[in-house]
Amino acid sequence: MIAVGERINGMFKDVKRAIKKRDKAVLQDLAQRQTTEGAKYLDVNTGVSVPAEEQPEVMKWMVQSIREVCDTPLALDSQKIPVLKAGLEVVTGDVMINSCRCDDNVLDEFMPLAVEHNASLVVLTMTEAGPLNDVDSRIEACANICAKAMEHGLDLPNIFIDPVIYPVNVAQQQPGYIMEVLRQLQDMADPPPRSIVGLSNISQGTQERHLINRIMLVMLIAAGLDAAIIDVLDTDIMDAAITAELLLNQQIYSDSFLKAGRM
């Protein structure tokens with residue numbers, strides 16, 4: 001599983017303060033620690049508290065600050081094309097574009113940008129009206145995403161489809177729906193698009209957040225999940241993910257398999 005570190009995001013208080021003060025040391029510390037703990041990408045999000053007109057400049061500053069100390073691939077996270085373009089101007093190495101909705105007009109904007117920059121693209125099963133909420137509508141959206149990708153010349157393995165997790169305390173049937181979408185997605189094409197989730201959504205508003213996140217991730221890996229945006233600084237959740245892959249014969253056992261899984 002590809003772990004995408006979630007912590008460089010203006011929704012977190014420490015990052016919000018760092019952006020306001022332009023204190024790059026906070027971002028750099030998070031980038032280095034998340035990389036050490038096994039992040040293969042670092043999600044970079046200005047957060048909604050940054051005024052819209054400032055977000056392109058802030059995204060550029062965040063990317064440049066991280067690149068001073070860390071060459072881990074970045075996932076530039078915004079639904080605004082100007083913000084993404086600002087980050088893409090200064091990013092180096094492998095890159096992922098995050099948070100594209102699945103409306104046709106949005107796909108027609110984001111997919112050429114991904115092709116131009118040889119980037120992977122995260123597409124949410126979400127339209128302007130909101131997230132799709134059953135298996136069939138999500139699978140229909142996935143099929144359309146694949147068709148659009150082929151139309152734009154974007155290789156399907158460079159597409160990461162996010163079926164959008166709902167909090168379990170408001171939609172307890174949704175985890176089962178997500179797992180069924182992951183299973184069907186693997187048979188959609190050869191090679192198929194890949195899958196990703198924003199894991200922490202499952203436990204929003206609950207008392208046992210760490211436990212729910214950990215168990216959900218293991219179940220999703222067993223259902224075929226390719227990537228997850230997670231708190232890689234949570235040792236227990238990373239240990240659970242690595243062990244799940246070991247037991248699914250996706251990792252080679254050694255006594256140091258937990259350490260090896262973070263490399």
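The values are calculated or read from the model by the stated rules, or taken from the named source; none is laboratory data. None of the values given here were measured: they were computed from a predicted structure. Please note: Cβ atoms are built from the backbone with ideal geometry, for glycine as well, and neighbour counts cover all protein chains shown.
Annotations for the structure displayed:
- Within the range 196-249, considering residues that are at positive phi and small (Gly, Ala, Ser), the one nearest to the chain's Cα centre (by Cα): GLY224
- When residues in the range 212-263 are screened for being among the small types (Gly, Ala, Ser) and at pLDDT below 95, 4 of them pass.
- Test result for VAL122, assigned to a helix (DSSP H, G or I) and either over 18 Å from the mean Cα position of the chain (by Cα) or more than 23 Å from LYS16 (Cα to Cα) (or both): no
- Residues of the range 71-91 that turn out to be acidic (Asp, Glu) and either at positive phi or touching a residue at least 24 places away in the same chain (Cβ under 8 Å) (or both), as a count: 2
Residues are listed down the side, and each one gets a yes or a no for (1) touching a Pro at 6+ places or on another chain (Cβ under 9 Å); (2) assigned by TED's automatic domain parsing to the domain that holds ASN105; (3) of a type in the set (Lys, Arg); (4) within 20 Å of ALA222 (Cβ to Cβ):
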site: ALA147; (1), (2), (3), (4): no, yes, no, no
site: MET150; (1), (2), (3), (4): no, yes, no, no
site: ASP155; (1), (2), (3), (4): yes, yes, no, no
site: ILE159; (1), (2), (3), (4): yes, yes, no, no
site: PRO167; (1), (2), (3), (4): no, yes, no, no
site: ILE178; (1), (2), (3), (4): yes, yes, no, yes
site: MET188; (1), (2), (3), (4): no, yes, no, yes
site: PRO191; (1), (2), (3), (4): yes, yes, no, no
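- One residue stands out among those in the range 232-241 that are crowded, with 21+ Cβ neighbours inside 10 Å and in contact (Cβ under 8 Å) with a residue 40 or more places away in the chain: the one that is farthest from THR36 (Cα to Cα), which is ALA241.
- Verdict on ALA39 being touching a strand residue (DSSP E or B) at 6+ places or on another chain (Cβ under 6 Å) and either modelled with pLDDT of 95 or more or assigned by TED's automatic domain parsing to the domain that holds VAL197 (or both): yes
- ILE229 vs. criteria in contact (Cβ under 8 Å) with a residue 60 or more places away in the chain and buried (at least 19 other Cβ atoms within 10 Å of the Cβ): yes
- Scanning the range 193-216 for residues that are in contact (Cβ under 8 Å) with a residue 24 or more places away in the chain and either polar (S, T, N, Q) or not assigned by TED's automatic domain parsing to the domain that holds ARG138 (or both), we see that the one that is nearest to SER137 (Cα to Cα) is SER195.
- Only one of the listed residues (VAL44, VAL69, VAL63, VAL58) is farther than 17 Å from MET96 by Cα and out of contact with any Ser or Thr (no Cβ under 8 Å at 6 or more places or on another chain). That residue is VAL69.
- Residue check, ASP94 more than 17 Å from the chain's Cα centre (by Cα) and under 19 Å from GLN28 (Cα atoms): no
- Residues in the range 42-68 that are surrounded by 15 or more Cβ atoms within 10 Å (Cβ to Cβ) and aliphatic (A, V, I, L, M) were compared, and the one that is farthest from ALA25 (Cα to Cα) is VAL50.
- Failed item in (1) part of a loop (DSSP other than H, G, I, E, B); (2) under 25 Å from VAL50 (Cβ atoms); (3) in the same structural domain as SER200 (by TED's automatic domain parsing), with VAL106 passing the rest: (1)
- Top-ranked residue in the range 20-41 [being hydrophobic (A, V, I, L, M, F, W, C) and crowded, with 22+ Cβ neighbours inside 10 Å; ranked as farthest from MET263 (Cα to Cα)]: LEU27
- Single unsatisfied condition, VAL135 versus (1) surrounded by 15 or more Cβ atoms within 10 Å (Cβ to Cβ); (2) under 19 Å from the mean Cα position of the chain (by Cα): (2)
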